[in-house]
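Following: one structure in structure tokens, then a few remarks.
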């Protein structure tokens with residue numbers, strides 16, 4: 001054997017040995033729908049065949065290795081073409097990836113009648129009192145003595161709902177990870193301390209130390225690396241982007257969606273199931289779509305939702321209309337999105353929420369609302385028209401009541417306020433929340449603000465009594481006050497009238513002095529509007545207290 005053949009044989013041995021090493025490091029899915037697998041196959045076919053020819057004493061035949069290695073590479077690109085949106089019929093397939101229930105505008109207040117915890121079958125929205133940035137500031141202050149060892153992975157700062165004392169609470173959780181490989185090695189069997197939790201209603205943050213330590217994280221090494229743990233358990237699964245959640249008992253888990261390509265070999269990914277990895281002991285389990293544990297909030301990656309929703313909004317009339325035509329019925333999601341939790345007696349759900357707008361950058365008009373359940377994949381579209389989220393934020397921060405304070409606004413939530421669509425948002429500085437604000441979606445001309453969400457909401461209800469459409473729904477009434485109850489959390493006063501025990505009236509405390517000093521026995525004349533969501537609840541928009549001489 002000459003020297004060239006010997007070198008080629010040695011190199012061939014190294015290449016063959018490197019296959020499991022590369023597999024261990026690159027972690028490709030052993031699945032024909034994995035583009036990475038096809039690329040690796042092409043590279044190794046070329047290396048192995050060329051070195052094998054040289055080692056066999058046929059150096060000229062080594063040139064045949066080029067087409068051999070090119071076969072899987074060329075095949076992968078050819079197969080990719082069958083997955084492009086331009087391939088005949090594929091635009092319709094991309095459009096249908098996300099089944100969307102087209103609702104009527106009036107369905108929104110019926111589907112989500114107001115905010116708060118509901119004991120009936122109707123879903124109500126639970127809104128956070130903090131945004132992600134404020135939550136991050138609180139969380140970073142909770143690292144304490146672990147700041148040198150661990151870092152907070154705020155790219156995975158999951159918003160979710162958990163049951164506490166039988167009631168759903170909105171929280172954000174961020175896992176602690178190793179600050180470097182050296183720390184991961186020295187941690188040994190200890191793992192990271194746990195995760196940081198921030199209550200989205202109270203603003204309370206805490207470091208939740210897990211018993212046994214979180215040993216399986218993205219920053220761990222070797223077999224405790226999260227990606228490696230999941231991949232070796234399920235070699236053929238296509239993984240989406242992972243998330244971090246805790247169950248109702250506070251136990252930490254990594255949730256990794258699994259996908260399959262529905263258009264050709266490489267295109268149109270849709271959800272297939274979910275892999276759960278216990279962050280403490282590394283136990284791995286797979287759940288087909290629809291069979292996930294009840295406590296799981298998310299089984300669909302947000303990047304997949306964005307892709308599917310924009311395809312649905314843009315490809316109704318084909319790719320030609322989208323790219324080269326008149327762009328008839330072409331829409332897109334807003335510049336950003338929010339997460340909102342809905343609660344009913346059947347449980348809570350986490351929704352992806354974004355406005356629907358025109359692709360024309362100069363058009364600041366909202367034409368709808370898209371909501372996608374991040375667990376079940378249920379999607380709804382409501383044809384709500386008005387201003388966009390960005391416009392609502394501009395209106396709120398430029399209001400004369402807050403302009404001088406230099407506050408910024410959180411990304412808004414679209415909610416129903418007694419039958420009227422409104423954007424709810426938080427006004428904040430760099431350190432903390434300052435105020436709550438509501439802006440009506442239809443015109444953006446009605447803006448309410450308060451130190452509490454309840455007071456801002458009550459003020460907004462009062463504002464909506466001033467237009468002609470609302471006047472048609474107003475009822476004038478008079479009577480004697482029987483009972484009075486202050487609601488400082490809402491900056492409102494609730495009262496009952498003598499002889500009318502089945503109605504509860506709510507009036508903003510600052511409507512008039514007569515309202516502020518309302519007392520049992522007072523004779524009053526007022527106008528109210530029936531609540532569209534709570535039976536027997538009436539919102540007072542004008543009030544005269546005859547007893548105090550108004």
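The values are calculated or read from the model by the stated rules, or taken from the named source; none is laboratory data. Because the structure is a prediction, the values reported are computed rather than measured. With ideal geometry, Cβ positions are generated from the backbone for all residues, glycine too; neighbour counts draw on all protein chains shown.
List of remarks:
- Out of 290, 250, 268, sole residue that is touching a residue at least 40 places away in the same chain (Cβ under 8 Å) and crowded, with 17+ Cβ neighbours inside 10 Å: 268
- Filter result for residue 165 (surrounded by fewer than 16 Cβ atoms within 10 Å (Cβ to Cβ), farther than 30 Å from residue 262 by Cβ and outside the structural domain of residue 271 (by the TED database)): no
- Any hit, segment 325-346, residues being surrounded by fewer than 22 Cβ atoms within 10 Å (Cβ to Cβ), on the phi > 0 side of the Ramachandran plot and either under 21 Å from the mean Cα position of the chain (by Cα) or part of a helix (DSSP H, G or I) (or both): no
- Those strands (runs of 3 or more DSSP E) lying entirely in segment 35-154 with at least 1 residues at pLDDT below 90 and not assigned by the TED database to the domain that holds residue 260: 124-126
- Unmet requirement for residue 438, which otherwise passes all of (1) part of a helix (DSSP H, G or I); (2) modelled with pLDDT of 80 or more: (1)
- Looking at 79, 51, just one residue is touching a residue at least 40 places away in the same chain (Cβ under 8 Å) and under 20 Å from residue 4 (Cα atoms), and that residue is 51.
- Of all residue pairs spaced 6 or more apart or on separate chains, those with beta-carbon atoms under 8 Å, a first member in segment 298-311 that is in contact (Cβ under 8 Å) with a residue 60 or more places away in the chain and a second member that is surrounded by 22 or more Cβ atoms within 10 Å (Cβ to Cβ) and assigned to a helix (DSSP H, G or I) are 311/94.
- Selected residue [under 25 Å from residue 148 (Cβ atoms), out of contact with any helix residue (DSSP H, G or I) (no Cβ under 9 Å at 6 or more places or on another chain) and without any contact (Cβ under 8 Å) to a residue 40 or more places away in the chain] from 208, 187, 283: 187
- Segment 507-523, residues that are within 14 Å of residue 493 (Cα to Cα), modelled with pLDDT of 85 or more and part of a strand (DSSP E or B): 507
- Condition met for residue 542 (modelled with pLDDT under 85, part of a strand (DSSP E or B) and closer than 24 Å to residue 452 by Cα): yes
- Restricting attention to segment 406-432, the residues being farther than 28 Å from residue 111 by Cβ and touching a strand residue (DSSP E or B) at 6+ places or on another chain (Cβ under 7 Å) number 3.
- Out of 384, 366, 374, one residue alone is in contact (Cβ under 8 Å) with a residue 60 or more places away in the chain, buried (at least 22 other Cβ atoms within 10 Å of the Cβ) and within 21 Å of residue 106 (Cα to Cα). It is 366.
- Test result for residue 27, on the phi < 0 side of the Ramachandran plot and outside the structural domain of residue 309 (by the TED database): no
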